[in-house]
Amino acid sequence: MSVLDTINEKINKSNSILILTHENPDGDAIGSSLGLYNALKKIEKKSTVYIPVPDKTYSFLPGFNEILMGDSLPNASDYDLVVTLDTSDLNRLGIAQSFISDIEDSICIDHHITNQNYADVNYINAVASSTSENIMVVLASMGIAINKETGECLYTGILTDTGGFRYSCNPETMEMVATIMETGVNISKIYRTIFDVTTFNRTKLRGICIDRLELLEDGKIAFTYVLLDDLNKLELDESDCEGIVNIGRDIDTVEVSIFAKEREDGSFKLSLRSNNYVDISVSASKFGGGGHVRAAGCEINMTLEQIKQMIVDEIKKQLKNEEKTEE
Ligand code: 5GP
Ligand code: MN
(Lines give C-alpha, C1' and ligand atoms only; values in the text may rest on other atoms or scores of the structure.)
(Ligands and ions follow the chains in the order given, each with its own letter.)
Protein backbone atom coordinates (compact mmCIF):
# COMPACT_ATOMS: atom_id res chain seq x y z
CA MET A 1 0.00 0.00 0.00
CA SER A 2 1.33 3.49 -0.79
CA VAL A 3 2.04 5.99 1.99
CA LEU A 4 -0.91 8.12 0.84
CA ASP A 5 -3.24 5.09 0.95
CA THR A 6 -2.05 4.26 4.47
CA ILE A 7 -2.66 7.86 5.58
CA ASN A 8 -6.12 7.75 4.03
CA GLU A 9 -6.91 4.52 5.88
CA LYS A 10 -5.59 5.73 9.24
CA ILE A 11 -7.55 8.99 9.06
CA ASN A 12 -10.72 7.22 7.95
CA LYS A 13 -10.66 4.70 10.77
CA SER A 14 -9.74 7.24 13.45
CA ASN A 15 -12.39 8.62 15.80
CA SER A 16 -10.50 11.58 17.14
CA ILE A 17 -7.36 13.23 15.72
CA LEU A 18 -4.84 15.49 17.43
CA ILE A 19 -3.04 17.87 15.04
CA LEU A 20 0.34 19.21 16.16
CA THR A 21 3.02 21.40 14.65
CA HIS A 22 6.41 22.86 15.55
CA GLU A 23 7.25 25.48 18.19
CA ASN A 24 7.18 29.12 17.12
CA PRO A 25 4.82 28.13 14.34
CA ASP A 26 5.09 30.04 11.08
CA GLY A 27 2.42 30.55 8.43
CA ASP A 28 2.89 27.08 6.98
CA ALA A 29 2.72 25.41 10.39
CA ILE A 30 -0.52 27.18 11.30
CA GLY A 31 -1.92 27.16 7.75
CA SER A 32 -1.37 23.44 7.22
CA SER A 33 -2.77 22.61 10.68
CA LEU A 34 -5.92 24.67 10.20
CA GLY A 35 -6.20 23.56 6.57
CA LEU A 36 -6.32 19.93 7.65
CA TYR A 37 -8.62 20.80 10.56
CA ASN A 38 -11.16 22.56 8.30
CA ALA A 39 -11.03 19.75 5.73
CA LEU A 40 -11.66 17.13 8.45
CA LYS A 41 -14.50 19.25 9.83
CA LYS A 42 -16.08 19.20 6.37
CA ILE A 43 -16.17 15.39 6.38
CA GLU A 44 -17.37 15.45 10.01
CA LYS A 45 -14.21 13.93 11.38
CA LYS A 46 -13.40 15.11 14.92
CA SER A 47 -10.02 16.80 15.33
CA THR A 48 -8.23 19.26 17.60
CA VAL A 49 -5.33 21.55 16.76
CA TYR A 50 -3.02 22.10 19.71
CA ILE A 51 -0.54 24.99 19.43
CA PRO A 52 0.83 26.38 22.73
CA VAL A 53 1.50 29.88 21.33
CA PRO A 54 -0.02 30.51 17.89
CA ASP A 55 1.21 33.67 16.14
CA LYS A 56 -1.68 36.17 16.19
CA THR A 57 -0.76 37.34 12.68
CA TYR A 58 -2.80 34.34 11.54
CA SER A 59 -5.84 35.00 13.73
CA PHE A 60 -7.86 35.80 10.59
CA LEU A 61 -7.73 32.15 9.53
CA PRO A 62 -10.92 30.08 9.90
CA GLY A 63 -10.64 27.86 12.97
CA PHE A 64 -7.92 29.95 14.67
CA ASN A 65 -10.19 30.60 17.68
CA GLU A 66 -10.81 26.87 18.05
CA ILE A 67 -7.07 26.11 18.48
CA LEU A 68 -6.30 24.63 21.89
CA MET A 69 -3.68 27.02 23.28
CA GLY A 70 -1.51 27.52 26.32
CA ASP A 71 0.45 25.20 28.59
CA SER A 72 -2.46 22.93 29.56
CA LEU A 73 -1.85 19.97 27.29
CA PRO A 74 -4.68 17.98 25.69
CA ASN A 75 -5.46 14.53 27.09
CA ALA A 76 -3.65 11.82 25.11
CA SER A 77 -6.39 9.30 25.96
CA ASP A 78 -8.97 11.43 24.08
CA TYR A 79 -7.24 10.68 20.76
CA ASP A 80 -6.42 7.59 18.70
CA LEU A 81 -4.35 9.35 16.02
CA VAL A 82 -1.82 12.18 16.13
CA VAL A 83 -0.81 14.06 12.95
CA THR A 84 2.30 16.23 13.10
CA LEU A 85 2.75 18.85 10.41
CA ASP A 86 5.81 20.76 9.15
CA THR A 87 7.87 19.25 11.97
CA SER A 88 11.18 17.66 10.97
CA ASP A 89 12.15 16.16 14.34
CA LEU A 90 10.57 15.36 17.68
CA ASN A 91 12.39 18.14 19.55
CA ARG A 92 10.64 20.70 17.37
CA LEU A 93 7.33 19.63 18.94
CA GLY A 94 8.45 21.17 22.25
CA ILE A 95 6.15 20.26 25.13
CA ALA A 96 3.94 18.20 22.81
CA GLN A 97 6.60 15.54 21.99
CA SER A 98 5.19 12.86 24.28
CA PHE A 99 2.00 12.53 22.20
CA ILE A 100 3.92 10.58 19.56
CA SER A 101 4.41 7.73 22.00
CA ASP A 102 1.26 8.29 24.10
CA ILE A 103 -1.22 8.15 21.19
CA GLU A 104 -1.72 4.81 19.43
CA ASP A 105 -1.12 5.90 15.83
CA SER A 106 0.95 8.69 14.31
CA ILE A 107 1.32 10.35 10.93
CA CYS A 108 3.86 12.98 9.93
CA ILE A 109 3.33 15.21 6.89
CA ASP A 110 6.28 17.45 6.10
CA HIS A 111 8.51 18.95 3.40
CA HIS A 112 11.83 19.24 5.27
CA ILE A 113 14.69 17.34 3.67
CA THR A 114 16.11 16.82 7.19
CA ASN A 115 12.95 15.02 8.43
CA GLN A 116 13.74 12.19 10.86
CA ASN A 117 10.79 9.88 9.96
CA TYR A 118 9.77 9.59 13.60
CA ALA A 119 6.06 8.78 13.08
CA ASP A 120 4.38 5.44 12.22
CA VAL A 121 3.72 6.79 8.72
CA ASN A 122 5.72 9.62 7.22
CA TYR A 123 4.71 11.52 4.09
CA ILE A 124 7.75 13.67 3.36
CA ASN A 125 7.86 15.39 -0.01
CA ALA A 126 10.78 17.81 0.14
CA VAL A 127 10.16 18.99 -3.41
CA ALA A 128 6.92 20.63 -2.28
CA SER A 129 7.07 24.34 -1.42
CA SER A 130 5.35 23.80 1.89
CA THR A 131 3.59 21.33 4.13
CA SER A 132 0.36 23.03 3.05
CA GLU A 133 1.07 21.87 -0.51
CA ASN A 134 1.52 18.34 0.81
CA ILE A 135 -1.83 18.62 2.61
CA MET A 136 -3.42 19.45 -0.76
CA VAL A 137 -1.98 16.18 -2.11
CA VAL A 138 -3.21 14.18 0.90
CA LEU A 139 -6.71 15.68 0.67
CA ALA A 140 -6.88 15.03 -3.09
CA SER A 141 -5.88 11.40 -2.52
CA MET A 142 -8.68 11.13 0.06
CA GLY A 143 -11.17 12.61 -2.40
CA ILE A 144 -11.83 15.64 -0.19
CA ALA A 145 -12.50 18.78 -2.26
CA ILE A 146 -11.03 22.04 -0.93
CA ASN A 147 -13.58 24.56 0.36
CA LYS A 148 -12.98 28.29 0.96
CA GLU A 149 -12.06 27.83 4.64
CA THR A 150 -9.50 25.13 3.90
CA GLY A 151 -8.26 27.13 0.90
CA GLU A 152 -7.57 30.26 2.98
CA CYS A 153 -5.44 28.26 5.38
CA LEU A 154 -3.48 26.33 2.76
CA TYR A 155 -2.97 29.43 0.60
CA THR A 156 -1.49 31.16 3.66
CA GLY A 157 0.91 28.26 4.21
CA ILE A 158 2.06 28.22 0.59
CA LEU A 159 2.30 32.01 0.48
CA THR A 160 4.47 32.29 3.59
CA ASP A 161 6.79 29.35 2.88
CA THR A 162 7.50 30.64 -0.64
CA GLY A 163 8.15 34.17 0.64
CA GLY A 164 5.28 35.43 -1.49
CA PHE A 165 6.07 33.11 -4.44
CA ARG A 166 9.71 34.21 -4.56
CA TYR A 167 11.24 30.75 -4.11
CA SER A 168 10.50 26.98 -3.80
CA CYS A 169 7.64 27.23 -6.31
CA ASN A 170 6.94 24.40 -8.75
CA PRO A 171 4.38 24.34 -11.54
CA GLU A 172 2.29 22.20 -9.12
CA THR A 173 2.44 25.00 -6.53
CA MET A 174 0.79 27.38 -8.97
CA GLU A 175 -1.77 24.78 -10.04
CA MET A 176 -2.73 24.29 -6.41
CA VAL A 177 -3.09 28.04 -5.92
CA ALA A 178 -5.37 28.08 -8.99
CA THR A 179 -7.52 25.35 -7.38
CA ILE A 180 -7.63 27.39 -4.17
CA MET A 181 -8.63 30.58 -6.03
CA GLU A 182 -11.57 28.75 -7.56
CA THR A 183 -13.03 28.32 -4.05
CA GLY A 184 -13.35 32.12 -3.78
CA VAL A 185 -10.37 32.89 -1.55
CA ASN A 186 -9.39 36.59 -1.66
CA ILE A 187 -5.68 36.14 -2.32
CA SER A 188 -4.85 39.87 -2.49
CA LYS A 189 -6.35 40.53 0.92
CA ILE A 190 -4.42 37.67 2.52
CA TYR A 191 -1.20 38.75 0.80
CA ARG A 192 -1.47 42.28 2.16
CA THR A 193 -2.45 41.11 5.66
CA ILE A 194 0.64 38.91 5.83
CA PHE A 195 3.34 40.87 4.05
CA ASP A 196 2.38 44.53 4.19
CA VAL A 197 0.37 45.35 7.28
CA THR A 198 2.58 45.87 10.34
CA THR A 199 2.54 47.83 13.61
CA PHE A 200 4.48 50.91 14.71
CA ASN A 201 6.50 48.93 17.29
CA ARG A 202 7.40 46.18 14.84
CA THR A 203 8.71 48.89 12.52
CA LYS A 204 10.77 50.32 15.41
CA LEU A 205 12.24 46.86 16.06
CA ARG A 206 13.32 46.58 12.44
CA GLY A 207 15.01 49.96 12.90
CA ILE A 208 17.03 48.61 15.84
CA CYS A 209 18.09 45.59 13.78
CA ILE A 210 19.09 47.74 10.81
CA ASP A 211 21.19 49.87 13.18
CA ARG A 212 23.01 46.76 14.43
CA LEU A 213 23.45 45.15 11.04
CA GLU A 214 27.06 44.18 10.29
CA LEU A 215 28.59 42.90 7.08
CA LEU A 216 31.49 40.42 7.26
CA GLU A 217 33.68 38.56 4.74
CA ASP A 218 33.66 41.26 2.08
CA GLY A 219 29.97 41.77 2.55
CA LYS A 220 29.08 38.11 1.95
CA ILE A 221 27.77 37.54 5.49
CA ALA A 222 25.21 39.76 7.25
CA PHE A 223 24.62 39.58 11.01
CA THR A 224 22.09 41.21 13.31
CA TYR A 225 20.24 40.38 16.53
CA VAL A 226 17.36 41.10 18.91
CA LEU A 227 17.64 40.98 22.70
CA LEU A 228 14.81 40.16 25.09
CA ASP A 229 15.15 43.67 26.44
CA ASP A 230 14.32 45.12 23.00
CA LEU A 231 11.17 43.01 22.81
CA ASN A 232 10.12 43.91 26.35
CA LYS A 233 10.61 47.64 25.82
CA LEU A 234 8.52 47.56 22.67
CA GLU A 235 5.97 45.12 24.17
CA LEU A 236 6.65 42.64 21.39
CA ASP A 237 7.30 38.90 21.35
CA GLU A 238 9.34 36.39 19.31
CA SER A 239 6.73 36.20 16.59
CA ASP A 240 7.24 39.92 15.88
CA CYS A 241 10.75 39.10 14.61
CA GLU A 242 9.42 37.34 11.51
CA GLY A 243 11.19 38.58 8.38
CA ILE A 244 14.03 40.45 10.10
CA VAL A 245 16.57 37.96 8.69
CA ASN A 246 15.62 39.17 5.20
CA ILE A 247 16.90 42.70 5.87
CA GLY A 248 20.48 41.36 5.61
CA ARG A 249 19.62 38.83 2.94
CA ASP A 250 18.35 41.52 0.57
CA ILE A 251 21.67 43.42 0.48
CA ASP A 252 23.26 42.98 -2.96
CA THR A 253 26.64 41.59 -1.74
CA VAL A 254 25.20 39.17 0.83
CA GLU A 255 25.16 35.38 0.37
CA VAL A 256 24.33 34.37 3.96
CA SER A 257 22.23 36.30 6.47
CA ILE A 258 22.26 35.46 10.18
CA PHE A 259 19.67 36.69 12.65
CA ALA A 260 20.01 35.84 16.36
CA LYS A 261 17.08 36.22 18.72
CA GLU A 262 17.47 35.96 22.49
CA ARG A 263 15.13 33.57 24.26
CA GLU A 264 13.64 33.63 27.78
CA ASP A 265 16.21 31.07 28.99
CA GLY A 266 19.13 33.19 27.71
CA SER A 267 19.84 30.96 24.72
CA PHE A 268 19.66 32.28 21.15
CA LYS A 269 17.50 31.13 18.25
CA LEU A 270 19.30 31.57 14.95
CA SER A 271 17.59 32.17 11.63
CA LEU A 272 19.87 31.48 8.68
CA ARG A 273 19.28 32.32 5.03
CA SER A 274 21.37 31.99 1.88
CA ASN A 275 20.80 33.48 -1.56
CA ASN A 276 22.55 31.54 -4.31
CA TYR A 277 25.02 28.81 -3.52
CA VAL A 278 25.55 28.03 0.20
CA ASP A 279 23.58 25.05 1.55
CA ILE A 280 22.71 26.65 4.87
CA SER A 281 20.98 23.55 6.27
CA VAL A 282 24.49 22.03 6.56
CA SER A 283 25.62 24.77 8.97
CA ALA A 284 22.35 24.61 10.94
CA SER A 285 22.69 20.81 11.31
CA LYS A 286 26.21 21.22 12.74
CA PHE A 287 24.65 23.15 15.63
CA GLY A 288 21.81 20.71 16.22
CA GLY A 289 19.25 22.43 13.99
CA GLY A 290 18.13 21.89 10.43
CA GLY A 291 15.89 23.17 7.69
CA HIS A 292 16.21 23.79 3.98
CA VAL A 293 19.01 24.64 1.54
CA ARG A 294 18.17 28.37 1.58
CA ALA A 295 16.43 28.70 4.99
CA ALA A 296 17.45 26.96 8.17
CA GLY A 297 17.75 27.50 11.89
CA CYS A 298 19.13 26.26 15.19
CA GLU A 299 19.23 27.10 18.86
CA ILE A 300 22.49 27.67 20.76
CA ASN A 301 23.01 28.23 24.47
CA MET A 302 26.11 30.47 24.61
CA THR A 303 26.82 34.19 24.72
CA LEU A 304 26.00 36.26 21.66
CA GLU A 305 29.69 36.94 20.98
CA GLN A 306 30.57 33.21 21.14
CA ILE A 307 27.68 32.30 18.88
CA LYS A 308 28.56 34.96 16.35
CA GLN A 309 32.19 33.79 16.20
CA MET A 310 31.20 30.12 15.89
CA ILE A 311 28.56 30.50 13.22
CA VAL A 312 30.56 33.02 11.18
CA ASP A 313 33.60 30.70 11.25
CA GLU A 314 31.45 27.81 10.08
CA ILE A 315 29.89 29.82 7.26
CA LYS A 316 33.31 31.17 6.20
CA LYS A 317 34.41 27.55 5.71
CA GLN A 318 31.39 26.87 3.54
CA LEU A 319 31.97 30.01 1.49
CA LYS A 320 35.58 28.87 0.90
CA ASN A 321 34.45 25.35 -0.10
CA GLU A 322 32.03 26.83 -2.59
CA GLU A 323 34.72 29.08 -4.04
CA LYS A 324 36.88 25.96 -4.55
CA THR A 325 34.01 24.16 -6.28
CA GLU A 326 33.51 27.10 -8.61
CA GLU A 327 37.20 27.15 -9.70
P1 5GP B 1 13.09 30.31 10.73
O2 5GP B 1 14.42 30.98 10.56
O3 5GP B 1 12.05 30.95 9.90
O4 5GP B 1 12.73 30.11 12.16
O5 5GP B 1 13.29 28.84 10.16
C6 5GP B 1 13.68 28.60 8.83
C7 5GP B 1 13.61 27.14 8.50
O8 5GP B 1 14.54 26.40 9.30
C9 5GP B 1 12.26 26.53 8.78
O10 5GP B 1 11.89 25.75 7.68
C11 5GP B 1 12.42 25.68 10.00
O12 5GP B 1 11.70 24.54 9.90
C13 5GP B 1 13.92 25.40 10.05
N14 5GP B 1 14.37 25.50 11.45
C15 5GP B 1 14.44 26.62 12.19
N16 5GP B 1 14.91 26.35 13.43
C17 5GP B 1 15.14 25.03 13.48
C18 5GP B 1 15.64 24.14 14.50
O19 5GP B 1 15.97 24.53 15.63
N20 5GP B 1 15.72 22.82 14.16
C21 5GP B 1 15.37 22.36 12.92
N22 5GP B 1 15.50 21.05 12.66
N23 5GP B 1 14.93 23.16 11.95
C24 5GP B 1 14.79 24.48 12.20
MN1 MN C 1 7.01 24.69 6.12
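Please state which one of 6, 87 is within 29 Å of residue 281 (Cβ to Cβ), hydroxyl-bearing (Ser, Thr, Tyr) and within 16 Å of ligand 1 (Cβ to nearest atom). Step by step, each of 6, 87 is checked, and only 87 is within 29 Å of residue 281 (Cβ to Cβ), hydroxyl-bearing (Ser, Thr, Tyr) and within 16 Å of ligand 1 (Cβ to nearest atom).
Could you please find all residues in the stretch 186-211 being closer than 23 Å to residue 303 by Cα and surrounded by 13 or more Cβ atoms within 10 Å (Cβ to Cβ)? Listed by number, the residues that qualify are 205, 206, 208, 209.
For the criterion of being out of contact with any Ser or Thr (no Cβ under 8 Å at 6 or more places or on another chain) and closer than 27 Å to residue 111 by Cα, residue 304 fails. Restricting attention to the stretch 224-239, which residues are β-branched (Val, Ile, Thr) and under 20 Å from residue 57 (Cβ atoms)? The answer is 226, and nothing else. Of all the residues in the stretch 42-76, those that are closer than 11 Å to residue 17 by Cα and over 19 Å from the mean Cα position of the chain (by Cα) number 5. Checking each residue in the stretch 172-213 for being free of Cβ contacts under 8 Å to residues at least 12 places away in the same chain, out of contact with any helix residue (DSSP H, G or I) (no Cβ under 9 Å at 6 or more places or on another chain) and within 30 Å of residue 304 (Cα to Cα) picks out 200, 203, 207, 211. Among the residues of the stretch 6-33, those that are within 15 Å of ligand 2 (Cβ to nearest atom), of a type outside the set (A, V, I, L, M, F, W, C) and out of contact with any Lys or Arg (no Cβ under 7 Å at 6 or more places or on another chain) comprise 21, 24, 25, 26, 27, 28, 31, 32, 33. Residue under question is residue 327, and the condition is that it be modelled with pLDDT under 95 and of a type in the set (Asp, Glu); does it hold? Here the answer is yes, as residue 327 does meet what is asked.
Can you tell me which residues in the stretch 167-191 are farther than 30 Å from residue 277 by Cα and either outside the structural domain of residue 139 (by TED's automatic domain parsing) or of a type in the set (Gly, Ala, Ser) (or both)?
178, 184, 188
Can residue 242 be described as modelled with pLDDT under 95 and closer than 20 Å to residue 303 by Cα? Here the answer is no, as residue 242 does not meet what is asked. Which count do you get for residues in the stretch 50-99 that are within 16 Å of ligand 2 (Cβ to nearest atom) and of a type in the set (A, V, I, L, M)? Counting residues in the stretch 50-99 that are within 16 Å of ligand 2 (Cβ to nearest atom) and of a type in the set (A, V, I, L, M) gives 5. Condition test on residue 240, is it under 21 Å from the mean Cα position of the chain (by Cα), away from ligand 2 (no atom under 16 Å from the Cβ) and over 18 Å from residue 317 (Cα atoms)? Spelling it out, residue 240 is indeed under 21 Å from the mean Cα position of the chain (by Cα), away from ligand 2 (no atom under 16 Å from the Cβ) and over 18 Å from residue 317 (Cα atoms).
For residue 260, the requirement of being more than 18 Å from residue 201 (Cβ to Cβ) and within 16 Å of ligand 2 (Cβ to nearest atom) is not met. Against the test of being surrounded by fewer than 17 Cβ atoms within 10 Å (Cβ to Cβ) and either assigned to a helix (DSSP H, G or I) or not β-branched (Val, Ile, Thr) (or both), the options 151, 164 yield a single qualifying residue, 164. Taken over the stretch 5-15, the criterion of being under 11 Å from residue 46 (Cα atoms) and within 25 Å of the chain's Cα centre (by Cα) is satisfied by 11 alone.
The values are calculated or read from the model by the stated rules, or taken from the named source; none is laboratory data. Small disclaimer: the values here were computed from a predicted structure and weren't measured. Neighbour counts run over all protein chains shown; Cβ positions are idealised from the backbone, glycine included.
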